[in-house]
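Remarks on the structure that follows.
The values are calculated or read from the model by the stated rules, or taken from the named source; none is laboratory data. The structure displayed is predicted, hence computed values, not measured ones. We place every Cβ from the backbone using ideal geometry, glycine too, and count neighbours over all the protein chains shown. Accessible surface is based on the protein model in full, side chains and every heavy atom, while ligands, DNA and RNA are left aside. Shrake-Rupley method; radii C 1.70, N 1.55, O 1.52, S 1.80 Å.
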Amino acid sequence: MLEYIGTTLAPYYLYIKFVHVTAALGWIWSASTAYAYYLLPIMKAWRRNPHDAEIIPVRDWAMERFDEVVIYEHVFFPIVLVTGPMMYIAGGWNAGVAWLDLKLLIVIGLFIPIEITDYYMSHFGGNKRRIKASGDMVRFERAMHRHWWFFLITSPAVMVYGLLIVLLAIAKPI
Ligand code: HEM
């Protein structure tokens, strides 16, 4: 079965790779400027003056918008996760290829758990606009704090390991 899939996909390897690489780089960069130049400065101003009546509505607006900014990132990610295995099969890759093993360890061990959590906090139970519309402002404030802590903890790892797996995939240093 895998052999049949591999032979069928092999002629399209470079086209699948085009989709994989485009989606992979879109996944890494699509939300980064909005995070760095919109969300971060506003959230830092809020943390400096947590009860400032002027900053709180701006904070709410920025986080509610950011729940939408990440839609591109969250569309690109599954595309990467589908096209990667397609290339794995079509290219005859196997376990024991060091750069690919380390890359998959990082994707499965770090990025998939982070993205599942981010999907939930941005689009499902943790969506700020929907919680606000429910009128439960205690839950809204809790969701706001949780998502901000999640960004603070995960963003450095996402940038470092995100670029590392691109380096591993392109330069294949090991
Ligand atoms: C977030 C996750 C991922 C990112 C950022 C990513 C990134 C990349 C990049 C930038 C390349 C291009 C390398 C080149 O130009 O030679 C690549 C190639 C590749 N990736 Fe991924 N990838 C990811 C996930 C996966 C997954 C889950 C798999 C497999 C199960 C996978 C398998 C491959 C394979 C087989 C290649 C082809 C290498 C080649 O033809 O030289 N990738 N990846």
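Of the conditions (1) open to solvent by 30 Å² or more (accessible area, probe 1.4 Å); (2) in contact (Cβ under 8 Å) with a residue 40 or more places away in the chain; (3) among the hydrophobic types (A, V, I, L, M, F, W, C), Phe151 fails just one. Which one is it?
Of everything listed in (1) open to solvent by 30 Å² or more (accessible area, probe 1.4 Å); (2) in contact (Cβ under 8 Å) with a residue 40 or more places away in the chain; (3) among the hydrophobic types (A, V, I, L, M, F, W, C), Phe151 misses just condition (1).
List the number of the failed condition for Leu2; all other conditions in (1) away from the ligand (no atom under 16 Å from the Cβ); (2) more than 21 Å from the chain's Cα centre (by Cα) hold.
(1)
In this structure, does Asp118 turn out to be open to solvent by 50 Å² or more (accessible area, probe 1.4 Å), within 16 Å of the ligand (Cβ to nearest atom) and either among the basic types (Lys, Arg) or under 28 Å from Thr22 (Cβ atoms) (or both)?
Numbers: open to solvent by 50 Å² or more (accessible area, probe 1.4 Å): no; within 16 Å of the ligand (Cβ to nearest atom): yes; either among the basic types (Lys, Arg) or under 28 Å from Thr22 (Cβ atoms) (or both): yes.
No.
Would you point out which residue out of Phe111, Phe151 is within 30 Å of Met43 (Cα to Cα) and away from the ligand (no atom under 16 Å from the Cβ)?
Details: Phe111 fails: away from the ligand (no atom under 16 Å from the Cβ).
Exactly one residue qualifies, and that residue is Phe151.
Looking at (1) aliphatic (A, V, I, L, M); (2) open to solvent by 30 Å² or more (accessible area, probe 1.4 Å); (3) in contact (Cβ under 8 Å) with a residue 40 or more places away in the chain, which one does Leu167 not meet, given that it meets all the others?
(3)
Taking segment 75-88, which residues are near the ligand (Cβ under 9 Å from one of its atoms) and either closer than 18 Å to Leu163 by Cα or touching a residue at least 40 places away in the same chain (Cβ under 8 Å) (or both)?
If the condition is that a residue be near the ligand (Cβ under 9 Å from one of its atoms) and either closer than 18 Å to Leu163 by Cα or touching a residue at least 40 places away in the same chain (Cβ under 8 Å) (or both), then Phe76, Phe77, Val80, Leu81, Thr83, Gly84, Met86, Met87 are the ones that fit.
From Leu9, Leu25, which residue is within 16 Å of the ligand (Cβ to nearest atom), touching a residue at least 60 places away in the same chain (Cβ under 8 Å), more than 20 Å from the chain's Cα centre (by Cα) and part of a helix (DSSP H, G or I)?
Working: Leu25 fails: more than 20 Å from the chain's Cα centre (by Cα).
Checking each option against the conditions leaves just Leu9.
What pairs come out if I take residues in segment 107-134 that are acidic (Asp, Glu) and pair them with residues that are modelled with pLDDT of 95 or more whose C-beta lies under 7 Å away, six or more apart or interchain?
Glu115/Phe77; Asp118/Val70
Can you tell me which condition Gly92 does not meet? The list is (1) away from the ligand (no atom under 16 Å from the Cβ); (2) part of a loop (DSSP other than H, G, I, E, B); (3) touching a helix residue (DSSP H, G or I) at 6+ places or on another chain (Cβ under 7 Å), and all the others hold.
(1)
How many residues, within segment 30-74, are open to solvent by less than 80 Å² (accessible area, probe 1.4 Å) and within 16 Å of the ligand (Cβ to nearest atom)? I'd like the intermediate steps shown before the answer.
Initial filter on segment 30-74 (open to solvent by less than 80 Å² (accessible area, probe 1.4 Å)): 30-32, 34-36, 39-43, 45-46, 49-50, 52, 55-60, 62-64, 66-71, 73-74.
Those still in the list that are within 16 Å of the ligand (Cβ to nearest atom) too: 30-32, 70, 73-74.
The number of residues fulfilling the criteria is 6.
Filter segment 28-74 down to the residues that are of a type in the set (D, E, K, R) and either farther than 17 Å from Met159 by Cβ or free of Cβ contacts under 8 Å to residues at least 40 places away in the same chain (or both) and list them by number.
Step one: of segment 28-74, the residues of a type in the set (D, E, K, R) are 44, 47-48, 52, 54, 59-60, 64-65, 67-68, 73.
Passing the criteria: Lys44, Arg47, Arg48, Asp52, Glu54, Arg59, Asp60, Glu64, Arg65, Asp67, Glu68.
Among the residues of segment 81-102, what is the count of those that are within 22 Å of Leu14 (Cα to Cα) and open to solvent by 30 Å² or more (accessible area, probe 1.4 Å)?
Quick first cut of segment 81-102, residues within 22 Å of Leu14 (Cα to Cα) only: 81-95, 97-101.
With the extra rule that they be open to solvent by 30 Å² or more (accessible area, probe 1.4 Å), the set shrinks to 81-82, 85-86, 88-89, 91-95, 97-98, 101.
Looking only at that region, the number is 14.
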